[in-house]
Amino acid sequence: MPMKMKCGRKDDQHGNIKKQDKSDYHRYPEKNHREIKKKRHQHHSATINDVSVWKFLKSISNTKILLSVICAIISIGWKIVVFESSATNKIIIKEQHKKIEDFLSWLVKNGSNISSHVTLAEFQEYGGYGLLALQPSGSSKGGDKAQDDEKEQSPHVVIRELDDLFTIPRNIIISADYVLDNFSSNRDRMIQMVTKGFPHSFLVQQDAVIAIFLMEQCGLGSNSKFKPYLDILPQEIIPRLDTFVEEDLLFLNDEYLAKIAREGRERITNFYHDQEFQTLLRRTVMKKFPNHNSTMSCFDFESFHRFMAIVSSRAMVLNGRKYLTPLADMVNYKPRSDERIKSGATQLFTLYHGLNDLDGSITVRADRDVSVGEQIFEDYGDLDNSLYLEAHGFVPDVNPFHCATIEGRQYMFNRTTSGNLDETEKKLIHVMHELGLLRSSLKGDFHYDDGVYDLIPDFCIKQDGSIDNNDALKMLTIAALSQVPELIERCIKAPTKDIMELECLHYLNKTERRRQLVQRMARQKYCDQKDALENDESLLHSLESLRWKEKVSTQRILALKFRIEEMKTLSVVGNITFGHCLHVTELDTYATSSEQNNWQESVSGLEALDNNNNSTLEHKVKRFNTYIESLRLPIVNIKASYIDETMRVGVVATHDIQEGDVYLSVPSSFVLDSDSFTINDKDSLGKRLFDSLKVNTHDGGFDVLLFCLMYEVYVRKENSEWYPYIQMLPTLKELKHKSPLFLDNDIYDYLAGSDLRLRLMELKRSAISRFRAFSKDVGMSRVLGIENMTLDKYLWAFAIIHSRSIWWNGMRHLVPLLD
């Protein structure tokens, strides 16, 4: 262990210095070694001169005093440094708190309405600020540790999903229209200028307009209406993709993103230095500040670039328009991972961000429950990491929607060692060419070895195996034929293009064969780059450890994180176990046996579920018949009966029935429809929704009947007067295996050549389209419960009404027993 030195003295109880043996020996070994050793070995009877003793003791005393003085000076110096550092930190913290207080006061002063459970706080790990959930009103806000520990053990939810967090008024929301109204005399000129500078993106054009406005407000300084907001915005440029220098792009190792970075940087640079823009800047903006050199930094390129990045990363997009909304732009990202995301309900941004058409205000709602003391996050949507890096300047630690790029030309086919394709794969390439799937149409004779690989596009795949590019899906479907010779022959020998498309793209088990091909491709790419991944992780750890000690490139750290997340996605898609790369054939064997076992387990599980469901269903039927008997219906000569596993429930005659006989007569109150359905006056929002839906008689009042059914099932539940009927309906699990609404599109291919295939696909598209409108209704979510606004639950209700409702008088009705 290293030797520790103590400054000062060790006194006895009387205040006298205690003699410590060997103290000088340890402190000054070279100087005193001989003298001290000699004195300790002298005979006790030796006579020592008193003067010598006095000098010796005095030297020791002086040495101790000198050492004490030195140590005291060092200690005082250290305390001064610590004090100055601590004082500096306190000043910084105080300044940050004042910025937050000024900003929140400014918001309220300008008409913002902020929930009492919401405040702004500093979160350094997120690079700035974020929203914090506060204590409920009336509860203790002190720093009682026992209370804090108790909250950690049993966190108290103070914000529920869909609760309003805040509403920001129109007068402090900055949009392109707001800016253009302020520059009314130069409106047309500014529009022409940004259109010319950024011709391919209306959103970037809006960024530029808002950035010009922010430059002007920066120049106004304390006279700016938006000063408290400008003070709290990032003062350093956000490290988005166009701030990456060439060395950073080398770390990124992605040619596509490198190209976007260079092009983006070039466009911004050219736009700023364009003579027309500089003229506008001088004559319209900078002329307001002729004698203030201190504000000129607000109008240089770095300032313009910083404000462009701020708008790009922080403004929300509603109906194609960008809105830089103070406070709303400070909610940090964290993905949701609930069933609503998995079921496909990801485009719900407008459910949580509402633009009021009457007054132009914007209301932001919580997209999840939040406990006291937690940061308030939101999910930005199903965006890929490349977009977060390009526009927002960060790479999420967790993003279920990130997709990893796989180079089709490198991994789609198993080339020979010479790099050539075999005959089968050449034929499949030819099919891709015939179906117009290659990157460019080839003219003249088709050559396989003359750059044909480069015509196969790359594709991006998410962790769940989904691929959004339809052309890539088709090419993978064709490439997956390479393992099925008999299907290849039918594919390549198709006499017409239409039949070729049918044989090559709609063969049996195409989804599973395509999945296996993609899995192999992901494995190969992951294993090819596994060593690089380990190096990246080690380097990232080193850079992050130095981040606060030395000036380390944030862009370089982001580049490494992006590469690592790419590899993580590939490992999931490729089913890489514990990061081990087996030989490809071994991996295929492992996957095949594992998939077979999983399939067998799922089958046995379904059989057990069916058996259990049958016995339960018979019990439900008995309860339903008891319920029917209790109603004492006018005429009822039938009863419900369990039939078999396939037909489930049917009706059987309880008396002889002749043709034309009435076998069932029920009162209107027995029928579930918009006339019999009622809603408690206390549920004023639900009543307003119901009344508005009831007016719409399109498709026999389909929407209002769907609302009635979902309300009875998910809100009233066992308290519904129709519960004996509802609990006997097919369950969601049952319909997932029987209703065409839940079938994968590949299953429809079995009906290829039939009009039924097109009708079923159109029915599913219509249902999903209606769900999107349904799920964006905030009132609907509050009445039915946000947890019930899933695609699966909507399709269940849709399927029930579509298959079981009975028409009369132009309207749909659900009639228990008769359906």
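The values are calculated or read from the model by the stated rules, or taken from the named source; none is laboratory data. Note that the structure is a prediction, hence the values are computed from the model and not measured. Heads up, the Cβs are rebuilt from the backbone with ideal geometry, glycines too, and the neighbour counts pull from every protein chain shown. Please note that ligands, DNA and RNA were not included when accessible areas were found on the heavy atoms of the full protein model with its side chains. Shrake-Rupley method; radii C 1.70, N 1.55, O 1.52, S 1.80 Å.
Going through the stretch 717-741 one residue at a time, which ones are within 33 Å of the chain's Cα centre (by Cα), under 16 Å from residue 804 (Cβ atoms) and in contact (Cβ under 8 Å) with a residue 24 or more places away in the chain? Steps first, please.
Taking the stretch 717-741 first, the residues within 33 Å of the chain's Cα centre (by Cα) are 717, 731-741.
Adding the requirement that they be under 16 Å from residue 804 (Cβ atoms) leaves 731-732, 734-735, 738-741.
Those that are within 33 Å of the chain's Cα centre (by Cα), under 16 Å from residue 804 (Cβ atoms) and in contact (Cβ under 8 Å) with a residue 24 or more places away in the chain: 731, 732, 734, 735, 739, 740, 741.
With the condition kept exactly as written, say whether any residue in the stretch 712-727 is assigned to a loop (DSSP other than H, G, I, E, B) and either more than 30 Å from residue 618 (Cβ to Cβ) or aromatic (Phe, Trp, Tyr) (or both).
Going residue by residue through the stretch 712-727, those that are assigned to a loop (DSSP other than H, G, I, E, B) are 720-722, 727.
Right, trim to either more than 30 Å from residue 618 (Cβ to Cβ) or aromatic (Phe, Trp, Tyr) (or both) and you get 722.
Yes - at least one qualifying residue is present in the stretch 712-727.
May I ask you to list the residues in the stretch 461-474 that are modelled with pLDDT under 90 and surrounded by 21 or more Cβ atoms within 10 Å (Cβ to Cβ)?
472
Given the conditions (1) closer than 17 Å to residue 283 by Cα; (2) without any contact (Cβ under 8 Å) to a residue 24 or more places away in the chain; (3) open to solvent by 20 Å² or more (accessible area, probe 1.4 Å), and given that residue 222 satisfies all but one, which numbered condition is not satisfied?
Status for residue 222: all satisfied but (1).
So which of 502, 517, 508 ends up being over 14 Å from residue 435 (Cβ atoms) and at pLDDT below 85? Please lay out each step first, then the result.
Details: 502 fails: over 14 Å from residue 435 (Cβ atoms); 517 fails: at pLDDT below 85.
Testing whether each residue is over 14 Å from residue 435 (Cβ atoms) and at pLDDT below 85 leaves just 508.
Only residues in the stretch 705-716 that are in contact (Cβ under 8 Å) with a residue 40 or more places away in the chain and under 15 Å from residue 729 (Cα atoms) count as the first member; pair them with residues that are part of a helix (DSSP H, G or I) and of a type in the set (S, T, N, Q), Cβ under 9 angstrom, at least 6 apart or cross-chain, and list the lot.
Note: pairs meeting the criteria are 710/788; 713/788; 714/788.
Taking into account only those residues within the stretch 517-528 that are open to solvent by 20 Å² or more (accessible area, probe 1.4 Å) and in contact (Cβ under 8 Å) with a residue 24 or more places away in the chain, which is nearest to residue 483 (Cα to Cα)?
Within the stretch 517-528, the subset open to solvent by 20 Å² or more (accessible area, probe 1.4 Å) is 520, 524, 527-528.
From the residues that got through so far, the ones that are in contact (Cβ under 8 Å) with a residue 24 or more places away in the chain too are 520, 524, 527.
On the way: 520: 13, 524: 17, 527: 22 Å.
Of everything passing the filter in the stretch 517-528, 520 is nearest to residue 483 (Cα to Cα).
Hey, could you check the stretch 291-331 for residues that are open to solvent by 10 Å² or more (accessible area, probe 1.4 Å) and aromatic (Phe, Trp, Tyr) and say which is nearest to the chain's Cα centre (by Cα)?
Restricting to residues being open to solvent by 10 Å² or more (accessible area, probe 1.4 Å) and aromatic (Phe, Trp, Tyr), the top hit is 323.
So which residues in the stretch 242-280 are crowded, with 18+ Cβ neighbours inside 10 Å and more than 27 Å from the chain's Cα centre (by Cα)?
267, 268, 271, 272, 277, 280, listed by residue number.
Every residue in the stretch 201-215 that is surrounded by 24 or more Cβ atoms within 10 Å (Cβ to Cβ) and under 24 Å from the mean Cα position of the chain (by Cα), please.
207
If you check 763, 758, which single one turns out to be part of a helix (DSSP H, G or I) and open to solvent by less than 70 Å² (accessible area, probe 1.4 Å)? Break it down into steps so the answer makes sense when it comes.
Numbers: 758 fails: open to solvent by less than 70 Å² (accessible area, probe 1.4 Å).
Only one candidate passes the filter, namely 763.
Right, residue 146: modelled with pLDDT of 60 or more, on the phi < 0 side of the Ramachandran plot and of a type in the set (Gly, Ala, Ser) or not?
The answer is no for residue 146.
From the set of residues in the stretch 281-290 that are of a type outside the set (A, V, I, L, M) and open to solvent by 40 Å² or more (accessible area, probe 1.4 Å), which is modelled with the highest pLDDT? Walk me through how you get there before you give the answer.
Initially, the stretch 281-290 is screened for residues of a type outside the set (A, V, I, L, M), giving 282-284, 287-290.
Narrowing further to those that are open to solvent by 40 Å² or more (accessible area, probe 1.4 Å): 282-283, 287-288, 290.
Working: 282: 80, 283: 77, 287: 68, 288: 69, 290: 57.
Among residues in the stretch 281-290 that are of a type outside the set (A, V, I, L, M) and open to solvent by 40 Å² or more (accessible area, probe 1.4 Å), the one modelled with the highest pLDDT is 282.
Considering the stretch 736-751 alone, what residues qualify as being among the aliphatic types (A, V, I, L, M) and under 23 Å from residue 466 (Cα atoms)?
Within the stretch 736-751, the first condition is being among the aliphatic types (A, V, I, L, M), and the residues that meet it are 741, 743, 747, 751.
Residues satisfying the conditions are 741, 743, 747.
Every residue, every condition in (1) basic (Lys, Arg); (2) modelled with pLDDT under 90, yes or no:
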{"site": "641", "(1), (2)": "no, yes"}
{"site": "648", "(1), (2)": "yes, yes"}
{"site": "675", "(1), (2)": "no, no"}
{"site": "699", "(1), (2)": "no, yes"}
{"site": "703", "(1), (2)": "no, no"}
{"site": "720", "(1), (2)": "no, yes"}
{"site": "723", "(1), (2)": "no, yes"}
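Which count do you get for residues in the stretch 684-706 that are closer than 18 Å to residue 672 by Cβ and touching a Gly at 6+ places or on another chain (Cβ under 9 Å)?
Total satisfying the criteria: 7.
Residues that are under 22 Å from residue 393 (Cα atoms): list the helices (runs of 4 or more DSSP H) wholly contained in the stretch 190-306 that include at least 1 such residues. Break it down into steps so the answer makes sense when it comes.
Numbers: elements: 202-220, 227-232, 246-252, 255-273, 275-280.
Output list reads 202-220, 227-232, 246-252, 255-273.
If we keep just the residues of the stretch 458-480 that are on the phi < 0 side of the Ramachandran plot and part of a loop (DSSP other than H, G, I, E, B), which is farthest from the chain's Cα centre (by Cα)? Give the steps one after another, and end with the answer.
Kept after step one, since they are on the phi < 0 side of the Ramachandran plot, are these residues of the stretch 458-480: 458-464, 466-480.
Subset that is part of a loop (DSSP other than H, G, I, E, B): 458, 463-464, 466-469.
Values: 458: 24, 463: 13, 464: 14, 466: 16, 467: 17, 468: 17, 469: 20 Å.
The residue in question is 458.
Pull out all pairs, ordered by first then second residue, where Cβ-Cβ is under 6 Å, the residues are six or more apart or on different chains, the first lies in the stretch 253-281 and is within 30 Å of residue 567 (Cα to Cα), and the second is of a type in the set (Asp, Glu) and surrounded by 12 or more Cβ atoms within 10 Å (Cβ to Cβ).
261/242; 264/242; 265/242
Of all residues in the stretch 540-575, how many are open to solvent by 40 Å² or more (accessible area, probe 1.4 Å) and at pLDDT below 85?
Number of matching residues: 10.
For the stretch 228-241, name all the residues that are open to solvent by less than 70 Å² (accessible area, probe 1.4 Å) and over 24 Å from the mean Cα position of the chain (by Cα). Steps first, please.
Keep residues of the stretch 228-241 that are open to solvent by less than 70 Å² (accessible area, probe 1.4 Å), which gives 228-234, 237-241.
Scanning the stretch 228-241 gives 228, 229, 230, 231, 232.
If residue 731 satisfies every condition in (1) in contact with a Phe, Trp or Tyr (Cβ under 9 Å, 6 or more places away or on another chain); (2) surrounded by 15 or more Cβ atoms within 10 Å (Cβ to Cβ); (3) among the hydroxyl-bearing types (Ser, Thr, Tyr) but one, which is the exception?
In the conditions (1) in contact with a Phe, Trp or Tyr (Cβ under 9 Å, 6 or more places away or on another chain); (2) surrounded by 15 or more Cβ atoms within 10 Å (Cβ to Cβ); (3) among the hydroxyl-bearing types (Ser, Thr, Tyr), residue 731 misses (2) alone.
Would you tally the residues in the stretch 481-516 being open to solvent by 50 Å² or more (accessible area, probe 1.4 Å), within 13 Å of residue 427 (Cβ to Cβ) and either in contact with a Gly (Cβ under 8 Å, 6 or more places away or on another chain) or not in a helix (DSSP H, G or I) (or both)?
Matching residues across the stretch 481-516 total 1.
Would it be correct to say that residue 672 is under 30 Å from residue 644 (Cβ atoms) and either surrounded by 14 or more Cβ atoms within 10 Å (Cβ to Cβ) or of a type in the set (Phe, Trp, Tyr) (or both)?
Working: under 30 Å from residue 644 (Cβ atoms): yes; either surrounded by 14 or more Cβ atoms within 10 Å (Cβ to Cβ) or of a type in the set (Phe, Trp, Tyr) (or both): yes.
In short, yes.
Do any residues in the stretch 796-818 that are more than 25 Å from residue 653 (Cβ to Cβ) and part of a loop (DSSP other than H, G, I, E, B) have Cβ atoms under 9 Å from those of residues that are of a type outside the set (D, E, K, R) and open to solvent by 20 Å² or more (accessible area, probe 1.4 Å), where the two are at least six apart or on different chains, and which pairs are they?
Pairs that qualify, where the first residue is more than 25 Å from residue 653 (Cβ to Cβ) and part of a loop (DSSP other than H, G, I, E, B) and the partner is of a type outside the set (D, E, K, R) and open to solvent by 20 Å² or more (accessible area, probe 1.4 Å), are 810/697.
For residues in the stretch 663-687 being touching a residue at least 40 places away in the same chain (Cβ under 8 Å) and assigned to a strand (DSSP E or B), which is farthest from residue 784 (Cα to Cα)? I'd like the intermediate steps shown before the answer.
Going residue by residue through the stretch 663-687, those that are touching a residue at least 40 places away in the same chain (Cβ under 8 Å) are 664, 666, 670-674, 683, 685-686.
Filter once more, keeping what is assigned to a strand (DSSP E or B): 664, 672.
Values: 664: 33, 672: 18 Å.
Looking at residues that are touching a residue at least 40 places away in the same chain (Cβ under 8 Å) and assigned to a strand (DSSP E or B), I get 664.
Looking only at the stretch 618-642, count every residue that is open to solvent by 70 Å² or more (accessible area, probe 1.4 Å) and assigned to a loop (DSSP other than H, G, I, E, B) and tell me the total.
2
Checking residue 339 against (1) open to solvent by less than 40 Å² (accessible area, probe 1.4 Å); (2) at pLDDT below 95, which single condition isn't satisfied?
With (1) open to solvent by less than 40 Å² (accessible area, probe 1.4 Å); (2) at pLDDT below 95 applied to residue 339, the lone miss is (1).
Could you tell me which residue of the stretch 118-128 is modelled with the lowest pLDDT, considering only residues that are open to solvent by less than 40 Å² (accessible area, probe 1.4 Å) and touching a strand residue (DSSP E or B) at 6+ places or on another chain (Cβ under 7 Å)? Walk me through it before giving the result.
Start the filter on the stretch 118-128 by keeping residues that are open to solvent by less than 40 Å² (accessible area, probe 1.4 Å), which leaves 118-121, 123, 128.
Those still in the list that are touching a strand residue (DSSP E or B) at 6+ places or on another chain (Cβ under 7 Å) too: 118-121, 123.
Details: 118: 94, 119: 93, 120: 93, 121: 91, 123: 88.
Of everything passing the filter in the stretch 118-128, 123 is modelled with the lowest pLDDT.
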